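Undergrad: Mind looking over this structure? Questions follow.
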């Protein structure tokens with residue numbers, strides 16, 4: 001099978017070098033000074049019966065700036081990318097925990113992918129934090145980018161929720177392009193640079209009952 005995905009974003013003109021000090025000074029909105037020495041992710045979850053909301057904070061305790069892959073998007077019929085800051089990839093694990101992912105999804109082994117999906121990123125400097133949010137309708141649908149043939153077929157109740165966030169430490173090989181989409185400053189990066197360098201940080205599991213849809217096989 002072949003998954004063609006969205007139109008490839010033009011890669012010409014990407015910045016070939018980014019000076020670390022410039023990246024640290026030009027922090028994404030929502031960052032603040034932070035004194036921890038470890039990378040850390042915290043999320044406050046709440047539900048009003050119709051929407052599940054998670055307010056998260058990522059702390060970069062590394063010595064290098066990091067880029068966080070948390071700005072997911074959807075594509076209009078015209079091909080235009082529409083930024084969806086509250087969107088997350090979702091899946092219900094066998095243990096009953098709902099996981100909300102903001103990251104570069106792994107390529108499927110059974111599909112040939114011409115244009116891999118890569119969210120836009122935001123830069124967070126050393127010793128600082130970056131905040132964002134997740135907003136998911138209830139019941140939470142199963143949403144994995146390459147599972148396009150698996151419709152939601154069964155409503156179940158998750159017993160808890162957690163978030164997983166993808167990020168990469170910026171090095172000398174970094175090549176990205178600064179963009180402003182819907183008033184948000186983001187970075188567009190190459191899959192070939194980002195995917196091999198991606199690391200993950202998980203928030204703690206919060207015990208709460210959440211209606212979800214389980215996909216068909």
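Values in this text are rule-based calculations from the coordinates and carry no lab data. Since we're looking at a predicted model, the values are computed, not measured. FYI the Cβ positions are ideal-geometry reconstructions off the backbone, even for glycines, and counts take in every protein chain you see.
Undergrad: If I stretch the segment between residue 138 and residue 82 completely, what's the gain in nm (0.36 nm per residue apart, minus their alpha carbon distance), one decimal?
TA: So the chain would gain 18.0 nm between residue 138 and residue 82.
Undergrad: How large is log10 of I(q)/I(0) for the stretch 119-217 at q = 0.13, 0.18, 0.22, 0.25 Å⁻¹ when the intensity is taken from the Debye formula with one equal scatterer per alpha-carbon?
TA: Treating every Cα as an identical point scatterer, log10 I(q)/I(0) equals -0.68, -1.08, -1.23, -1.34.
Undergrad: Follow-up question, since we're still on this one. What nm distance separates the two modelled labels at residue 131 and residue 112, each placed 7 Å from Cα along Cα→Cβ?
TA: Calculated label separation equals 4.7 nm.
Undergrad: If you don't mind, there's one more thing I want to ask. Report the FRET efficiency, 1/(1 + (r/R0)^6), for residue 190 and residue 53, where r is their Cβ-Cβ distance and R0 is 30 Å, rounded to 0.05.
TA: About 0.40, to the nearest 0.05.
Undergrad: Set the Förster distance to 22 Å, then compute FRET efficiency between residue 42 and residue 93 from the Cβ-Cβ distance, nearest 0.05.
TA: Once rounded, the FRET efficiency stands at 0.60.
Undergrad: Diagonalise the Cα gyration tensor of the stretch 70-146 and give the resulting equivalent ellipsoid semi-axes, square root of 5 times each eigenvalue, largest first, whole Å.
TA: Semi-axes, largest first: 21, 19, 15 Å.
Undergrad: Work out how much length residue 147 to residue 181 would gain on full extension: take 0.36 nm times their residue separation and subtract the Cα-Cα distance, in nm to one decimal.
TA: 9.6 nm
Undergrad: Taking Cα centroids, how far is the stretch 56-117 from the stretch 159-207 in Å?
TA: Centre-to-centre (Cα) distance: 8 Å.
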